[in-house]
1. Report the label-to-label distance for Arg305 and Arg15 in nanometres (one decimal), using points 7 Å from each Cα along the Cα→Cβ vector.
2. Distances longer than 18 Å among the Cα atoms of segment 6-95: what percent of all pairs is that?
3. Of Leu6, Ser35, Val53, which is farthest along the charge dipole of segment 6-95 in the positive direction, counting Lys and Arg as +1 and Asp and Glu as -1 at C-beta?
4. Within segment 84-113, whose backbone N sits under 20 Å from a point 7 Å along Cα→Cβ of Leu68?
5. If I model a spin label as a point 7 Å beyond the Cα along the Cα-Cβ vector, how far apart are those points for Ala95 and Val28 in nm?
6. Given labels modelled 7 Å from the Cα in the Cβ direction, how far is it in nm from Val273 to Ala218?
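Throughout, read-outs are computed from the coordinates displayed, never taken from laboratory work. Not measured: the values here are computed from a predicted model. Using ideal geometry, Cβ is built from the backbone for each residue, glycine included, and neighbour counts are taken over all protein chains shown.
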Amino acid sequence: MEKLKLEYWPVDRLRPYERGLRRHGRDVVARMMDSIREYGFRVPVLARSCGEVVNGHLCLEAAKRLGLEAVPVLLADDLTDVQVRAFRLLVNRSATWSAWDDDELALELSELRALDVALDLTGFDVAELDDLLALLPGTGRTDPDDAPPLPETPVSRPGDVWLLGPHRLLCGDATSPADLATLLQGERPTLAVTDPPYNVAVEGKAGKILNDDMAADAFRDFLGRAFDALYAVLADGAAIYVAHAETGGLTFRESFEAAGFKLASCLIWRKNVHVLGRSDYHWQHEPILYGWKPTGRHAWFGGRRQTTLLEALPGAVLLEDGRVQVPAGDDLYLISGQDLAVEVVPGSIVSVDKPVRSDAHPTMKPVALLERLLRNSSRPGGLVIDPFGGSGSTLMACHGLGRICRTLELDPRFCDVIIRRWQDHTGGQAVTPDGRSFGAEGAA
């Protein structure tokens with residue numbers, strides 16, 4: 001067997017094979033460029049003395065775009081012309097022969113994530129990473145939707161910064177550029193997912209939300225200042241989702257666009273139960289504005305089959321006894337057991353509570369709903385901001401999917417809820433930047 005000899009050639013000495021057997025789009029070349037930046041040019045180009053590339057076309061193209069002057073080369077002059085043509089196909093095709101062991105791969109990715117490795121530099125796309133990491137058994141000690149009650153006397157105080165593992169919480173004002181600067185410390189989030197006060201005086205068992213019962217002009221000014229401040233700190237092209245009440249839709253949309261955001265869609269979250277009230281039609285949906293900061297290209301990882309209707313399974317509800325209730329026309333199907341036994345009952349007979357535990361916050365979102373938005377518009381390890389933290393659902397969704405959350409919450413009581421919710425779920429300990437622990441007093 002002939003010994004291989006590594007040489008370094010100027011990139012302009014190499015020329016691609018005349019037939020473009022594999023297509024490399026701009027995104028693929030960009031990913032290879034990122035790989036070379038991170039790891040260096042580690043896989044030599046296989047070529048012939050005449051300069052024709054046998055293997056390594058993608059790496060060579062990335063090197064040219066990076067402005068590299070020379071790349072490592074291995075010569076294949078011991079192969080005949082026919083062998084070169086056949087080997088060119090073999091070396092590309094053989095990479096697909098073996099299947100991944102998804103369970104082992106998920107463990108490897110999880111360990112790399114724990115070491116703060118950017119998983120998009122492993123070659124897997126965002127959807128693949130999320131699917132693989134979802135194979136891991138849940139490590140949370142509580143249901144991520146569980147939120148503790150509000151404390152009578154909060155530990156948090158206005159201005160406090162809390163570190164919750166990789167996440168950061170500031171007890172502060174979403175309309176304050178200074179508070180956002182304190183929270184972010186120069187970081188530029190690539191996604192915003194938020195749930196501002198709806199200005200409909202909504203009240204839950206925990207009481208009223210701050211800034212939720214203003215005069216119309218005052219609320220418009222409030223939203224405008226909040227959106228302006230958020231726009232200023234987001235990265236170019238950052239996506240944004242804003243949940244709101246349908247009755248205030250015009251104010252939200254006008255303020256959203258006035259701040260500079262592009263409004264691309266209005267998503268509809270279909271709830272499993274309606275909200276009882278005095279309206280002729282009871283509300284069973286909630287709109288979510290979707291758009292981005294149009295100063296750059298926005299990221300999208302959700303494929304091309306998404307619709308504007310958000311529901312895990314139309315009207316499906318998990319009952320306390322483990323059965324799944326699914327509406328179909330005027331009837332309800334109750335599915336139970338490993339054998340998937342189905343019972344059909346009239347729709348008017350079975351009534352269940354909304355499965356999300358929302359006593360702590362009257363507009364609390366299910367973590368699964370927010371996870372869908374995060375998967376569609378962020379990468380693992382990506383930076384996400386929620387300037388209206390509420391009970392911490394965005395932070396919990398980020399934690400579960402390996403995103404990093406930066407969140408503001410004006411009410412010290414809800415800051416404590418966010419901290420205790422995260423601590424109860426993870427077993428971790430929130431601390432201030434100077435090392436002060438949230439402590440047992442915050443869990444009392």
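1. 4.4
2. Details: 1697 of 4005 pairs.
Percent of Cα pairs beyond 18 Å in segment 6-95: 42.
3. Of the options given, the answer is Ser35.
4. 91-92
5. Between Ala95 and Val28, the label points sit 0.9 nm apart.
6. Between Val273 and Ala218, the simple spin-label model gives 3.3 nm.
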